[in-house]
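The structure under discussion appears below in the form of structure tokens.
FYI, it's all coordinate maths here, none of it is from the lab. Predicted, not measured: the structure shown is a model, and the values here were computed from it.
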Amino acid sequence: MDERIKKNGITFGILSGLFSVLMTTIIYVVNTNWFTSWWAGVFGFTVSIIIGIVLLSKTQKEFKGDYSFKSAFTTFFICSLVSIFIAVIFNIILFNFIDPELKITLKQNIMKMTVETMQKFGARSSDINEAIKKMKESDQFSVIEQLKGSIYTIILYSIIGLILAAFFKNKPAYKE
């Protein structure tokens, strides 16, 4: 593997992971209700995509026109893995060791939002009760659940990486 791919992927992955840690810390300090707000999720997702675009643009320039789809995807994938690793480790520490009580508050907020959303869409009471029962039985902030969630995040970012790699790859010049 080309060193530029590893170096840039790791560097930007650390930057993206540190952004996630910073955003989580700010939300924790300023207003924990923001953990369950849609705009915070959209903002974090948007910034991570922008970081990925900057990463691929920078790396593409370093390759001077010989940046394959595989190289672009690998660069983005390394960045995503590093970023997700940093964010998940921080979240595990925050929600399971620093402030385990926060899990309870967030779970209650999520259940309330779920009920409101399901009612808005006309869900039956039995369906709402079943959803709440399942939520009460699980701990989405536990170490295992956070690790499971990271797998879904890796899958999502892999799909995004495939799309971005298609945009950032260079078409090989015709060689005789």
* Asked: Leaving out same-chain residues fewer than 8 places away, which lysines sit with a Cα under 28 Å from that of K70?
  -> K6, K7, K58, K61, K148, K169, K171, K175
* Asked: Evaluated at 10 °C with a viscosity of 1.306 mPa s, what Stokes-Einstein diffusion coefficient in µm²/s does the stretch 29-125 have when Rh comes from the Kirkwood expression over alpha-carbon pairs?
  -> 95
* To do: Specify the angular offset, from 0 to 90 degrees and rounded to the nearest 10, of the alpha carbon long axis of helix 3-30 from the longest principal axis of the alpha carbons in the chain.
  => 20
* Tell me, what is the percent relative contact order of the stretch 3-168, built from C-alpha pairs under 8 Å that lie six or more residues apart? -> 34
* Structure fact -> Gyration tensor on Cα atoms of the stretch 83-176, a ≥ b ≥ c root eigenvalues, a/c under 1.5 rounded, else prolate if a/b beats b/c, else oblate, says oblate
* Asked: Any number yet on Rg/Rh for the chain, C-alpha, Kirkwood?
  -> 1.08
* Could you give the angle, 0 to 90 degrees to the nearest 10, between helix 38-63's Cα long axis and the longest principal axis of the Cα atoms of the chain? -> 10
* **Cα-based helix-to-principal-axis angle, 125-137 vs the chain, degrees rounded to 10** => 70
* **Length gained when the stretch T114-K6 is fully extended (0.36 nm per residue, less Cα-Cα span)** => 34.8 nm
